[in-house]
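*Asks:* Structure incoming, see below.
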Amino acid sequence: MTIVGTLSNETRLGPTLVCSCTAWVYSDFCQAPIGAFNNTEVCFEAAGFVFVHISLYVPIAEARIRHYKWEVKYEYKSPDCYKKLVITINGNLQDPQSWPRKIGTPWSDGTEGVTQCPVVPGDTFKYEFKVDRAGTYLYHAHYGMQRESGLYGSIRVSVPDNFTEPFAYDYDRSIILTDWYHKSTYEQATGLSSIPFVWVGEPQSLLIQGKGKFNCSSASLTANTCNTSNPECSPYAITVIPGKTYRLRVASLTALSALSFQIEGHNMTVVEADGHYVEPFVVKNLFIYSGETYSVLIKADQDPSRNYWMTTNVVGRLPNTTQGLGFLNYYPNHPRRSPPTVAPAGPIWNDTAPRLAQSLAIKAHHDFIVTPPTTSDRVIVFLNTQNEINGYRHWSVNNVSFTLPHTPYLIALKKKLHHQFSQTPPPEGYDFANYDIYNVAKNVNATTSNAIYRLGFNTTVDIILQNANTMFANNSETHPWHLHGHDFWVLGYGEGKFDMNKDPKKYNLVNPIMKNTVPLHPYGWTALRFKADNPGAWLFHCHIEAHFYMGRGVVFEEGIDKVGELPSSIMGCGETKGFGKP
């Protein structure tokens with residue numbers, strides 16, 4: 001599969017791709033199949049600072065190379081009725097594409113500074129990789145904070161014709177949830193990098209499948225700037241046939257917000273998470289964090305004479321954003337016919353108990369259990385901290401705030417340019433005995449570094465994510481952590497400080513779910529296990545845009561000697577200027 005994207009000179013984007021599979025790939029925007037693949041070579045050609053991170057899977061079919069042209073550029077759009085510059089693909093906001101692992105082609109991960117140099121305006125870049133598993137996945141920009149400008153989407157890869165999924169449904173639909181800011185990412189990034197520090201604040205709107213509703217009367221705005229009658233911001237509606245069962249592939253690509261998603265009068269049965277089948281369980285509110293995907297089943301079994309609300313609202317933070325609204329449209333009612341009820345409020349924003357309960361409820365489906373290794377070769381603890389370093393605000397791991405080098409890690413490692421980044425190993429833990437996770441810490445030893453974690457190839461690694469208090473009293477935030485190039489087993493969650501002697505005895509080694517994104521709950525811990533079996537350099541980071549921009553991330557290196565010859569197209573920055581050129 002080859003996706004070609006030509007960017008105009010003024011466009012500044014960033015590439016990040018993750019892929020794997022064998023199946024029909026569907027466009028979530030047009031709801032139509034765009035190809036079938038079986039261990040198929042997948043390519044993405046783009047130009048102009050594009051960094052897109054993806055996840056995907058496909059069924060058995062004839063191996064083919066598909067070509068798609070992506071024109072990625074800035075355009076004015078009004079997804080929440082407020083007009084602003086956004087990044088579009090072929091003129092569409094929130095176009096479809098996305099995938100999970102890139103075995104054998106780590107340079108197609110699309111992470112600027114980690115696996116490649118930025119794609120400069122006017123250039124063309126080709127991402128090439130194989131897809132190996134069906135499911136629901138995401139792609140998005142991975143350069144600076146471009147994701148929140150609209151360069152994101154989802155890909156769904158269906159199963160082969162001879163494969164039966166462990167649940168039945170009549171129709172398949174996709175929904176992307178996101179938050180939306182009116183300020184540009186450049187304004188936001190400048191504030192985050194300034195003294196005094198300027199926080200991005202809460203989003204102006206929540207979008208359901210790229211549509212929201214900002215209150216244009218809340219500010220002195222002209223009709224040209226904010227117009228609630230603009231069809232671009234009319235509520236998103238899913239039309240359902242009474243009596244039928246629908247699979248909704250719900251994904252979150254928020255810049256900041258943890259969300260709850262609910263459909264008035266309808267229960268949801270969770271059946272898939274991040275491309276893996278789940279032992280089904282029923283929820284009224286689906287809690288979803290940035291970078292996650294879920295499939296839920298709903299039955300259109302309510303009164304067919306009316307429509308019903310679909311809503312999403314902020315959890316985990318004191319909300320200052322009105323809920324996102326959409327319609328579940330029962331045919332033959334008009335899709336824009338407003339429900340006769342008041343849109344139901346979501347769950348209480350600071351009630352962590354149901355969010356933790358949902359995390360604990362997600363187990364691998366009994367027919368699709370991938371048993372994890374019973375022990376690990378290495379345990380690394382990541383204390384999530386917030387710091388001030390030389391007057392600048394940072395998010396950190398073990399009091400170390402991550403910075404990207406000028407020469408991407410993959411190239412520096414393969415070409416043995418070790419002087420391009422720090423060779424001092426970063427810390428693998430913190431002062432367990434004395435650090436108080438419930439109070440503001442002084443963190444006087446906080447620093448910045450671009451050092452990486454070197455993992456033994458094919459070894460089993462445990463990661464313990466430990467949450468703590470921020471720089472504000474009685475405040476601990478939710479952090480969704482995302483790992484590139486791998487899926488991991490989620491071994492457990494807990495409240496309070498992780499106990500290295502007691503808590504590992506509680507790990508779920510029987511039927512843990514595998515995921516690529518996982519929440520770290522306030523004042524709690526999350527335990528992960530993965531195999532370091534994908535040669536390359538891989539980013540592991542908080543999926544909140546501002547948090548990663550401010551240093552909340554790490555890089556893992558594994559099996560770099562097994563990586564093939566690097567393409568010259570990923571070079572051109574730092575010490576790689578002129579590499580591969582005659």
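*Asks:* (1) of a type in the set (S, T, N, Q); (2) open to solvent by 40 Å² or more (accessible area, probe 1.4 Å); (3) touching a strand residue (DSSP E or B) at 6+ places or on another chain (Cβ under 9 Å): which one isn't true of Asn398, the others all being true?
*Replies:* (2)
*Asks:* Given the condition in contact (Cβ under 8 Å) with a residue 40 or more places away in the chain and farther than 20 Å from Asn434 by Cβ, answer yes or no: does some residue in the range 466-474 qualify?
*Replies:* There is no residue in the range 466-474 that is in contact (Cβ under 8 Å) with a residue 40 or more places away in the chain and farther than 20 Å from Asn434 by Cβ.
*Asks:* Go through Ala343, Ala353 for me and flag whichever is among the small types (Gly, Ala, Ser), open to solvent by 10 Å² or more (accessible area, probe 1.4 Å) and in contact with a Ser or Thr (Cβ under 8 Å, 6 or more places away or on another chain).
*Replies:* Numbers: Ala353 fails: in contact with a Ser or Thr (Cβ under 8 Å, 6 or more places away or on another chain).
One residue alone meets the criteria, Ala343.
*Asks:* For the range 64-92, which residues satisfy the criterion of being part of a loop (DSSP other than H, G, I, E, B), touching a Gly at 6+ places or on another chain (Cβ under 9 Å) and at pLDDT 70 or above? Walk me through it before giving the result.
*Replies:* First, pick out the residues of the range 64-92 that are part of a loop (DSSP other than H, G, I, E, B): 64-66, 78-81, 83, 90-91.
Add one more test, that the residue is touching a Gly at 6+ places or on another chain (Cβ under 9 Å), and what stays is 64, 66, 79-81, 90.
Pro79, Asp80, Cys81, Asn90, listed by residue number.
*Asks:* Name every residue in the range 364-378 that is closer than 18 Å to Pro280 by Cβ and surrounded by 14 or more Cβ atoms within 10 Å (Cβ to Cβ), in order of residue number.
*Replies:* If the condition is that a residue be closer than 18 Å to Pro280 by Cβ and surrounded by 14 or more Cβ atoms within 10 Å (Cβ to Cβ), then Ala364, His365, Phe368, Ile369 are the ones that fit.
*Asks:* For residues that are assigned to a helix (DSSP H, G or I) and open to solvent by 40 Å² or more (accessible area, probe 1.4 Å), tally how many sit in the range 406-419.
*Replies:* 3
*Asks:* For a quick check of your reading: which strands (runs of 3 or more DSSP E) sit entirely within the range 93-166 and have at least 1 residues that are at pLDDT 90 or above and within 13 Å of the chain's Cα centre (by Cα)?
*Replies:* Numbers: elements: 125-130, 135-141, 152-157.
Result: 135-141, 152-157.
*Asks:* Shifting gears a bit: Of all residues being within 30 Å of Val240 (Cα to Cα) and aromatic (Phe, Trp, Tyr) in the range 171-221, which is least open to solvent (accessible area, probe 1.4 Å)? Just the residue, please.
*Replies:* If we take residues in the range 171-221 being within 30 Å of Val240 (Cα to Cα) and aromatic (Phe, Trp, Tyr), then Trp180 is least open to solvent (accessible area, probe 1.4 Å).
*Asks:* Of the residues in the range 445-464, how many are aliphatic (A, V, I, L, M) and either farther than 26 Å from Ile389 by Cα or in a strand (DSSP E or B) (or both)? Before the answer, list the steps.
*Replies:* As a first pass, look at the range 445-464 and keep what is aliphatic (A, V, I, L, M): 446, 451-452, 455, 461, 463-464.
If we keep only those that are either farther than 26 Å from Ile389 by Cα or in a strand (DSSP E or B) (or both) too, we end up with 455, 461, 463-464.
Qualifying residue count for the region: 4.
*Asks:* What single numbered condition from (1) under 26 Å from the mean Cα position of the chain (by Cα); (2) over 21 Å from Phe382 (Cβ atoms); (3) of a type outside the set (Phe, Trp, Tyr) fails to hold for Leu566?
*Replies:* Unmet for Leu566, out of (1) under 26 Å from the mean Cα position of the chain (by Cα); (2) over 21 Å from Phe382 (Cβ atoms); (3) of a type outside the set (Phe, Trp, Tyr): (1).
*Asks:* A further question on this structure: Go through (1) hydroxyl-bearing (Ser, Thr, Tyr); (2) more than 20 Å from Ala258 (Cβ to Cβ); (3) open to solvent by less than 20 Å² (accessible area, probe 1.4 Å) and name the single condition Tyr435 misses.
*Replies:* (3) is the only condition that Tyr435 fails.
*Asks:* Next up: Considering Tyr330, Tyr294, Tyr289, which residue is open to solvent by less than 10 Å² (accessible area, probe 1.4 Å), more than 25 Å from the chain's Cα centre (by Cα) and aromatic (Phe, Trp, Tyr)?
*Replies:* One residue alone meets the criteria, Tyr330.
*Asks:* Being open to solvent by 10 Å² or more (accessible area, probe 1.4 Å), on the phi > 0 side of the Ramachandran plot and not aliphatic (A, V, I, L, M) narrows it down to one of Asn458, Asn501, so name that one.
*Replies:* Details: Asn501 fails: on the phi > 0 side of the Ramachandran plot.
Criteria check complete, one pass: Asn458.
*Asks:* Being aromatic (Phe, Trp, Tyr) and in a loop (DSSP other than H, G, I, E, B) is the filter; apply it to the range 471-520 and report the residue that is farthest from Asp377 (Cα to Cα).
*Replies:* Phe472
*Asks:* Continuing with the same structure: Do we have any residue at all in the range 249-257 that's over 22 Å from the mean Cα position of the chain (by Cα) and assigned to a loop (DSSP other than H, G, I, E, B)? Break it down stepwise before answering.
*Replies:* From the range 249-257, those over 22 Å from the mean Cα position of the chain (by Cα) are none; that's our starting set.
Among the residues of the range 249-257, not one is over 22 Å from the mean Cα position of the chain (by Cα) and assigned to a loop (DSSP other than H, G, I, E, B), which makes the answer no.
*Asks:* Quick one: Leu207 ticks every box in (1) hydrophobic (A, V, I, L, M, F, W, C); (2) more than 14 Å from Thr254 (Cβ to Cβ); (3) assigned to a strand (DSSP E or B) except a single one, so which number is it?
*Replies:* (2)
The values are calculated or read from the model by the stated rules, or taken from the named source; none is laboratory data. Note that the structure is predicted; figures quoted are calculated from it, not measured. In this analysis, Cβ positions are derived from the backbone assuming ideal geometry, glycine residues included, and neighbour counts consider all displayed protein chains. Calculation scope for accessible area: heavy atoms of the full protein, side chains included, ligands and nucleic acids excluded. Shrake-Rupley method; radii C 1.70, N 1.55, O 1.52, S 1.80 Å.
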